[in-house]
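Asks: Sharing a structure here in structure tokens format.
The values are calculated or read from the model by the stated rules, or taken from the named source; none is laboratory data. All figures in this text were calculated on a predicted structure; none of them were measured in a lab. Here the Cβ positions follow ideal geometry from the backbone for every residue, glycine too, while neighbour counts run over all protein chains shown.
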Amino acid sequence: MDMTLVTGANGFVGSHLVSALLAEGSRVRCLVRRTSDLRWIRGLPVEFASGELSDRASLLRAVRGVNRIFHLAGVTRANSRESYFRANARGTENLLSAVSEAAPGIAKFVYISSLAAAGPSRTGAPVREDMEPEPVSWYGMSKLEAEKNCLSYSDRLPVSILRPPPVYGPRDTDFLIYFKLIARRINPALGWGSRYASLVYVDDLIQACLAAGGHPDSRGRIFFVVSDECVSYSDLASAIAHAMGKRAFTLRVPFAALTVAAACQEMVSRWTRKPSLLSLQKVKELRERSWVCSGERIRTMLGCRPRFSSLAGIPGTVAWYRREDWI
């Protein structure tokens, strides 16, 4: 039976992918750090490989004997530009180099990138894969550099790239603060005017991973993975409030205040050496009015269609958060 390697297997998306791979009958090897929190994958019938994207020897051990690789490991929060590029760009290059040396005959290498690599829509129309990327944050720039590294190997390795917008669902902690605020009847509205975003429920992203991992036409291609429609931030807040049975009151947050809060959090982060959820780089992303993208290519080329509309996973996510006593 073929072996599949998942990097970042202990994370939100990675742990869901591991479960899906096991359900389809795959053998799974999980690349994790020695300090990783394994709560979502502990006890599963998987093989663990201890390693780091900066440690070539550990990567060579991890990739030997594998047939497919899903690369999810990286950082979404960091205290410096260098930290983003070291983990996301150079870490991906290190993994590709190890695969090229120790597992050149793999069937597929799927890299999970981000809409942040493409950047926001400047016109309000959904961004497409053939448009010139315009990332606005260090995170997006580092993910774009990682994509370029992947494509530079596409003549030797069957590489595919998935670009999801923000992903939500059970086990997610990034959206959790938003759910917690609405549970307290607070709907934080940033700046003035409407803002729009594409979203994807975690189950749909997992199905796209499996599709890209098994489809020959995905080689050397980039695909947005997104629900069919974009939503306004106010629609998202209303959906969460409705699922909770709450009435949330809008609290308008000027970007000047958000910038001050981000600067203060960065000062604390430098002292604690732990990246914060809110940073000046995050504020750059939040200032953009339209983070929307098109899922036409993945539907047309891979036949992969979302099973959930943008907000259809909200009730299940709320129910899971409540069962886990997170809200």
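Asks: Output yes when any residue across region 28-48 is closer than 19 Å to R171 by Cα, buried (at least 18 other Cβ atoms within 10 Å of the Cβ) and touching a residue at least 60 places away in the same chain (Cβ under 8 Å), and no when none is.
Replies: Taking every residue of region 28-48 in turn, at least one turns out to be closer than 19 Å to R171 by Cα, buried (at least 18 other Cβ atoms within 10 Å of the Cβ) and touching a residue at least 60 places away in the same chain (Cβ under 8 Å).
Asks: Next question. Name the residues in region 127-152 that are assigned to a loop (DSSP other than H, G, I, E, B) and either at pLDDT below 95 or buried (at least 19 other Cβ atoms within 10 Å of the Cβ) (or both), would you?
Replies: P135, S137
Asks: Let me ask something additional. Give me a count of the residues in region 65-93 that are out of contact with any helix residue (DSSP H, G or I) (no Cβ under 6 Å at 6 or more places or on another chain) and among the basic types (K, R).
Replies: Number satisfying all stated conditions: 3.
Asks: Can you find, within region 271-304, the residue that is farthest from Q207 (Cα to Cα) among those that are of a type in the set (D, E, K, R) and free of Cβ contacts under 8 Å to residues at least 40 places away in the same chain? Spell out how you get there, then give the answer.
Replies: Step one: list which residues in region 271-304 are of a type in the set (D, E, K, R), which gives 273-274, 282, 284-285, 287-289, 296-297, 299.
Next, only the ones that are free of Cβ contacts under 8 Å to residues at least 40 places away in the same chain stay: 274, 299.
On the way: K274: 33, R299: 12 Å.
Out of the qualifying residues, it is K274.
Asks: Filter region 272-327 down to the residues that are under 18 Å from the mean Cα position of the chain (by Cα) and of a type in the set (D, E) and list them by number.
Replies: Correct list: E285 only.
Asks: Here is a follow-up. Out of the residues in region 244-288 meeting the condition of being in a loop (DSSP other than H, G, I, E, B) and at pLDDT 90 or above, tell me which one is surrounded by the fewest Cβ atoms within 10 Å (Cβ to Cβ).
Replies: Selected residue: G245.
Asks: On to the next question. Tally the residues that are in contact with an Asp or Glu (Cβ under 9 Å, 6 or more places away or on another chain), crowded, with 16+ Cβ neighbours inside 10 Å and farther than 18 Å from T317 by Cβ, restricting the search to region 197-232.
Replies: Of the residues in that region, 5 qualify.
Asks: Could you check, for region 233-243, whether at least one of its residues is buried (at least 18 other Cβ atoms within 10 Å of the Cβ) and part of a loop (DSSP other than H, G, I, E, B)?
Replies: No, region 233-243 contains no residue that is buried (at least 18 other Cβ atoms within 10 Å of the Cβ) and part of a loop (DSSP other than H, G, I, E, B).
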